[in-house]
Amino acid sequence: MKTVFLVALILGFGGTLAGAHFAPWLEHARLPSHTSVVANGGRGEQFLIRLPADRIAATDGEAGGLRAKGAGAAMLLPAQFVAEPLLVEHFKVRDAEGSVIGVAARHWNGGGAGPTTTWSVLIPSRGALVLSGPGEARGALEGALRAGGYSAGEAWGGQIAVPMQRDGDGAVTAGTGEFEGLSGSYTESWTVAAVDEDGRVSGTIELNTITSRPQ
Amino acid sequence: MKYLFVAIVGLVLGAAAAGVVLYFNPLAAKSAEMPSPTDRVLSYSLPDHVLEFAVGEDARLFGQDTGDDSLWEETIDRTAVLALVLNDGSNQPAALASRLLSTSAETDLLLRGVLVSDHWLVTVPGEGTLFVQADSNAWPFMKETLVPVWYLDQPWTGPAEYWPTIGPGADDSGRVVGVTGVFRGSEGSAVERYEVTALDPARETALAKGELHLNLPGPQVAAQ
């Protein structure tokens, strides 16, 4: 009887500690990665953002424009930042098949020597990828829409592609998890299909990345 | 039957003893070394400096309502997105930060604690953008403050100070990468500190002040 008790006690103690150490308590669900091999080396992967569904929030302020509208909750900037050339947007991110796999932050900064754009894309089961490059001109989206016949306050439909980051300009700057140590490039393109009377933009953002591990 | 009963009692007592060991385990309570006094400090207060907070359904520490725009998909339901205004030393707004947080698969209740992967994107207008990667240990806060006060109705005895950063740097600090502007090309370390100043489950109120200590030696080149 005493032996049974002691063995059970040790098993209970050891099993609990082993569970605390080895159990995968907080692993994230992972979907298969849709990557392709690039002809001249590297791994290609596309990330998609469907607007307006995937927009979590965007800052207001003078730089916000149409992109600050249609967000679940506008981020109200403090007075000191309202006139700054600064736009912060948060999105859900999908894989090439359209399944949500992560979240992302996009910072556009129009100050300094020239506008810059930085993306932080977090895929919880894989890690984070930081992309950066020259930013688009202020109001690039609005300008392209106006050229396509859009007028503020009126609904608009059509198909306009706005390249925000051209081939060769955007770079993979940092990474964590399985993206750690990778270098590469990216392009960013917005395709707008509609704008409603309230300024809510419907369309798709495509982030096309090519990454490789430096030899 | 008697043996089965004794075995069950033994297992339960053994598990309870292990639970006590885990609760008081000093290995799960370590933090990074104190930052240098020369570090650049950006501060925030919660909830005043929160521009936006979206949280996954399985990442709700305070059991709050996630609203209609929650991160409900199973791939991101242990994730949170937080936007903050960061103040400088004169307590004026100096930067905007996006924090993408997720529970970490590196969580190890025996040796490391409850880990959160914290990815900051910090833009300082007129200067540039920084990326900060930090592993934060939420276990000390959960054990000492959140569970006793918020869930077990014990009286609040704060304020309570925490230094949650425990990696991924060799000195247990976070990693900073300068991305654009004057920060471009620089690398350094970061440590976060926060102080919970009020916690009232009856009023569903939680107040805190936080600081991000940035140490950025290395090259700083002209703006992009």
Given the C-alpha centroids of segment B:96-123 and segment B:125-161, what is the distance between them in whole angstrom?
12 Å
Quick one: grab Rg to one decimal and Dmax as a whole number for segment A:164-215, Cα atoms only, in Å.
15.2, 52
How far is helix B:2-23 tilted off the main Cα axis of chain B, in degrees rounded to 10, range 0 to 90?
20 degrees
Please work out the C-alpha center-to-center distance from segment B:37-61 to segment A:2-73 and express it in whole Å.
19 Å
Please compute the Kirkwood hydrodynamic radius of chain A from all pairs of different C-alpha atoms, in Å with one decimal.
19.5 Å
For segment A:25-70, shape from the Cα gyration tensor axes a ≥ b ≥ c, cut at a/c of 1.5 then a/b versus b/c, turns out oblate
Zone of A:Trp25's modelled label, taken as backbone nitrogen in segment B:1-25 under 11 Å from a point 7 Å along Cα→Cβ
B:22-23
Shielding by partners for B:45-53, please: the mean number of other protein chain Cβ atoms within 10 Å of each residue's Cβ.
3
Report the relative contact order of chain B, percent, no decimals, based on alpha-carbon pairs under 8 angstrom and at least 6 residues apart.
19 percent
For segment B:13-56, shape from the Cα gyration tensor axes a ≥ b ≥ c, cut at a/c of 1.5 then a/b versus b/c, turns out oblate
To the nearest µm²/s, what D does Stokes-Einstein give for chain B at 20 °C and 1.002 mPa s, using the Kirkwood radius over alpha carbon pairs as Rh?
112 µm²/s
In segment A:112-157, which trypsin sites (Lys or Arg not before Pro) fall in coil by DSSP and have 12 or fewer other Cβ atoms within 10 Å?
none
Number of partner chain Cβ atoms within 10 Å, mean per residue of A:121-133:
5
For the Cα atoms of chain A, what angle does the longest principal axis make with the long axis of helix A:2-22, in degrees from 0 to 90, nearest 10?
20 degrees
Area projected by the alpha carbon convex hull of the protein assembly as shown, averaged over all directions, nm²
25.5 nm²
Amide H contacts of B:Glu73 (H built 1.01 Å from N, under 5 Å, at least 5 apart or other chain):
none
From the cross-link list A:Lys2/B:Lys30; A:Lys69/B:Lys209; B:Lys2/B:Lys143, which pairs have alpha carbons spaced over 32 Å apart?
A:Lys2/B:Lys30; B:Lys2/B:Lys143
For segment A:55-154, go through all pairs of different Cα atoms, get the mean of 1/r, take its inverse, and jot down that Kirkwood value in Å.
14.7 Å
Averaged over peptide A:47-59, how many Cβ atoms belonging to another chain are found within 10 Å of each residue's Cβ?
2
Taking θ = phi - 60°, what integer Hz values does the Karplus form 6.51 cos²θ - 1.76 cosθ + 1.60 yield along segment A:165-174, in sequence order, with x for Gly and Pro?
9, 7, 4, x, 9, x, 10, 7, 9, 7
Taking θ = phi - 60°, what integer Hz values does the Karplus form 6.51 cos²θ - 1.76 cosθ + 1.60 yield along segment A:41-58, in sequence order, with x for Gly and Pro?
x, x, 10, x, 8, 10, 10, 10, 10, 9, 9, x, 4, 8, 7, 7, 5, 8
Take the Cα of A:Arg138, step 7 Å along the line toward its Cβ, and report every residue of segment A:144-184 whose backbone nitrogen sits under 13 Å from that point.
none
Quote to one decimal, in nm, the extra length available between A:Ala194 and A:Val82 on full extension: 0.36 nm per residue of separation minus the C-alpha distance between them.
37.6 nm
Where the Cα atoms of segment B:13-126 are projected onto their three principal axes, how long is each span, largest first, in whole Å?
59, 42, 21
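Just so you know, all these numbers are worked out from the coordinates, no wet-lab data involved. Fair warning: this is a prediction, and the values are worked out from it, not measured in the lab. Using ideal geometry, Cβ is built from the backbone for each residue, glycine included, and neighbour counts are taken over all protein chains shown.
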